[in-house]
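Just below is one structure, and these are the notes that go with it.
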Amino acid sequence: MMDAAEVSGILDAVYESAIFPERWPQALERLGQAFDCRCVALIDRNLRTLEARVDTSGVDASSQREFLDVWSARDLVRLRTREWRPGAIEIDHQIVPKSELLASDYYNGFMKPRDMHTVMRLTLAHRNRFLTIISLVRPPSADEFDAAAIEQCRVLMPHLERAAHIRFHAQGASAMLGGLSDVADRSVTAVLLLERDGRVKFANKAARAMAAAADGFLFRGDQFEILDRSGDAAFQRLVAGAVGALPKLDAPRGGVMRLARRSGKGSYTVTVAPVKREASWVGHEPMALVLVADPDATPKPPKEMLAQLFGFTAAEIRVAERLMMGDSPEQAATFLQVKTATARWHLASIYRKTGTNRQAELIRLLLSLAMM
């Protein structure tokens, strides 16, 4: 029987692996040691396509590949399983007679050459045709798994199921963030997430390229730094407003500014907006979304798109384009040779049609269309 220290060590390793997938082989190794196993495998399988992914302890990489490429489809224990029940703990002879398993191609072609003899399978999850199991395999020199081994597994099973649940959601979040990061990297607009002290939590490919050029800003370590002193003061105020660090409750939550460039090229348009976060009781600080657009590189949303999506008039499209370039309503009015009141009237209509309330929010929306 496992003692309390052994159980605690296994659970620590399993929960760490749920968050850090690269540590699964070490967790599986601890399981194998506790149950006198030749090898232990964590298998994710798509029951529709039969594709599988495996983490193992006690099996070399070539055997893993051979299992996935050849023997996975001939696994007699899996083929004879009638029902997948999360929480089930089963020994091979409960699913298929031992004599039949020993006579099978799967046993003699894959298991026997690798000193594998008896299998205990733990079904951790079965959702939407996706299956997660752990197979513990003993060599011929060890005893067959028995009722006592099953009882020992029952102590661990609730934690293994919970770890599988955590792992499933962590992988989903990772895939989502990876996809969003890939989309952001395709954009010519710099996309950054900044903490209130200026630390960069995320920067897409365009942001890293602009920082490396050091034309308007750079990264000093993990800090975002504006090169123009007056521009830096304005930017810091926008970030402070976006993360709620300004004393007045009615202070602007971000905003838009132009950022001069040392090269003398057209100024960057910088948009700062808050990132919605839950209450920071777990220690997460509010962050600001920062978009930096190069007027020479950032495409404007097609006029037809703005008219189709929002019903913009031709005059509203012209105002929206100037705002995307960093103009204030007054500057847009001067450029378009209309009265300031007229430009503001168009801006109010644009806010209403797009469901936005602030210029920073509007510019963020329009830049996202430009990315498309």
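The condition of being in contact with a Ser or Thr (Cβ under 9 Å, 6 or more places away or on another chain), aliphatic (A, V, I, L, M) and more than 17 Å from VAL272 (Cα to Cα) holds for only one of ALA360, ALA348, ALA341, ALA307, that being ALA307. Checked against (1) surrounded by 13 or more Cβ atoms within 10 Å (Cβ to Cβ); (2) over 30 Å from the mean Cα position of the chain (by Cα); (3) without any contact (Cβ under 8 Å) to a residue 12 or more places away in the chain, GLN64 passes all but a single condition, namely (2).
Of the residues in region 307-331, how many are within 20 Å of LEU291 (Cα to Cα) and either assigned to a helix (DSSP H, G or I) or modelled with pLDDT of 90 or more (or both)?
Start the filter on region 307-331 by keeping residues that are within 20 Å of LEU291 (Cα to Cα), which leaves 319-329.
Next, only the ones that are either assigned to a helix (DSSP H, G or I) or modelled with pLDDT of 90 or more (or both) stay: 319-324, 329.
The qualifying residues number 7.
Of the strands (runs of 3 or more DSSP E) lying entirely inside region 116-226, the ones with 1 or more residues being crowded, with 18+ Cβ neighbours inside 10 Å, assigned by TED's automatic domain parsing to the domain that holds ARG48 and not aliphatic (A, V, I, L, M) are found at 118-127, 130-138.
When you check ALA88 against the structure, is it among the aliphatic types (A, V, I, L, M) and modelled with pLDDT under 90, yes or no?
Details: among the aliphatic types (A, V, I, L, M): yes; modelled with pLDDT under 90: no.
No: the conditions fail for ALA88.
ALA343 falls short on exactly one of the conditions (1) within 20 Å of TYR268 (Cα to Cα); (2) in contact with a helix residue (DSSP H, G or I) (Cβ under 8 Å, 6 or more places away or on another chain), and that condition is (1). Within region 119-139, residues that are within 22 Å of GLU151 (Cβ to Cβ) reach partners that are of a type in the set (S, T, N, Q) and outside any loop (DSSP other than H, G, I, E, B) with beta carbons closer than 6 Å, at six or more positions or on different chains, in the pairs VAL119/SER135; ARG121/SER135; LEU124/THR132; ALA125/THR132; ILE133/THR123; ARG138/THR118.
State whether the residues of region 129-151 include one that is closer than 30 Å to MET111 by Cβ, modelled with pLDDT under 90, charged (D, E, K, R) and touching a Lys or Arg at 6+ places or on another chain (Cβ under 8 Å). Yes, region 129-151 contains at least one residue that is closer than 30 Å to MET111 by Cβ, modelled with pLDDT under 90, charged (D, E, K, R) and touching a Lys or Arg at 6+ places or on another chain (Cβ under 8 Å).
None of ARG277, ARG253, ARG237 is of a type in the set (Lys, Arg) and modelled with pLDDT of 85 or more except ARG237. Inclusion of ARG30 among residues that are more than 22 Å from the chain's Cα centre (by Cα) and basic (Lys, Arg) is warranted. Looking across region 295-325, the residues that are within 16 Å of THR271 (Cα to Cα), buried (at least 21 other Cβ atoms within 10 Å of the Cβ) and in contact (Cβ under 8 Å) with a residue 60 or more places away in the chain come down to THR298, LEU323.
When each of ASP69, ASP75 is tested for being free of Cβ contacts under 8 Å to residues at least 40 places away in the same chain and surrounded by 20 or more Cβ atoms within 10 Å (Cβ to Cβ), the lone residue that passes is ASP75.
For first residues located in region 358-372 and within 12 Å of LEU306 (Cβ to Cβ), partners that are at pLDDT below 80 and basic (Lys, Arg) and lie 6+ apart or on another chain with Cβ distances below 7 Å form the pairs ALA370/LYS300.
The values are calculated or read from the model by the stated rules, or taken from the named source; none is laboratory data. Just so you know, these numbers come straight off a predicted model, no measurement behind them. Glycine also receives a Cβ, built like all others from the backbone with ideal geometry; neighbour counts cover every protein chain displayed.
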